Amino acid sequence: MFAYPRKVKYPSKTQIDFWSLNRNQFSGREIAAKKDVTPGMVSKTLSEANNRVKALLQNAARMNKITLKVISPELGYARGTSHIFNVNAYITFSPDNGVQVWYDHKGSCVQCEKFAFCRDIILQEFKERNIEVENPSLRPTDLIEILLNTLEEML
């Protein structure tokens, strides 16, 4: 069981910058060279960024009554169970989309007024993670399933 934080702070711009580079497979030394800072500063900044991302994921879980089973602040990803809907629930964090909560379901995306909105958010998640999507015109429920499966493989 995960303990939930009392105070939640969004990562700073520098923390997000370093965290995004690290999530995209840059090592601490590579980030230090790229940003012209010491490896120690990168390590400290990444540690704080991961703590803040973890707190954001945990807070989203608490607010949505989700019991977490897996949490990866490095990927900006968590998985658990929603006690409200009795389904698997997923939480993602990205700098552009912030925190998003996703639930297992097969929606009628074509009929939904949020079709374009959901697809755009999901495609942004792919882009920020440098994950290629073969068919971006798929329904959002299919796209998110591909994204979540890919994140699970990365754990």
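Throughout, read-outs are computed from the coordinates displayed, never taken from laboratory work. Being a predicted model, the structure only gives us computed values, none of them experimental. Ideal geometry is used to build each Cβ from the backbone, glycine not excepted, and the neighbour counts take in all protein chains shown.
What ranking of D104, D36, D96 emerges when the number of other C-beta atoms within 10 Å of each C-beta is taken as an exposure proxy, fewest first?
Working: D104 16, D36 6, D96 11.
Sorted ascending by nearby Cβ count, the order is D36, D96, D104.
Taking every alpha carbon pair in segment 13-154, what does the distance histogram look like in 5 angstrom bins from 0, in percent?
Here the calculated profile for segment 13-154 is 2, 10, 19, 19, 20, 14, 9, 5, 2, 1, 0.
Is there a quick way to get the dipole size of the chain? I mean about its Cα centre, with the Cβ of Lys and Arg at +1 and of Asp and Glu at -1; what is the value in debye to the nearest 20? Intermediate values should be presented prior to the final figure.
Working: 21 positive and 17 negative charges, 161 e Å.
Computed about the Cα centre, the dipole is about 780 debye.
For a footprinting-style exposure proxy, rank W102, W19 by other Cβ within 10 Å, fewest first. If you can, show how the numbers build up before the last one.
On the way: W102 21, W19 25.
If I rank by nearby Cβ atoms, fewest first, I get W102, W19.
Which pairs break 27 Å Cα to Cα here: K9/K127; K34/K127; K9/K106; K7/K106; K65/K127; K13/K114?
Violating the 27 Å Cα-Cα cut-off are K9/K106; K7/K106; K65/K127; K13/K114.
Mind sorting M63, M41 by how few other Cβ atoms lie within 10 Å of their own Cβ, fewest first? Kindly include the intermediate steps, with their values, before the conclusion.
Working: M63 11, M41 15.
Ranked by crowding around the Cβ, least crowded first: M63, M41.
Given only helices, namely DSSP H runs of n ≥ 4 each adding -39500 (n - 2.57), what is the per-residue ellipticity at 222 nm of the chain, to the nearest 500 deg cm²/dmol? Spell out each step's value before the answer.
Numbers: 5 runs with 73 residues, N = 155.
Here the helix-only value at 222 nm equals -15500 deg cm²/dmol.
What number, in percent, do you get for the relative contact order of the chain if the mean sequence gap of Cα pairs under 8 Å and at least 6 apart is divided by its residue count?
Details: 196 pairs, mean separation 25.9, N = 155.
Relative contact order here is 17 percent.
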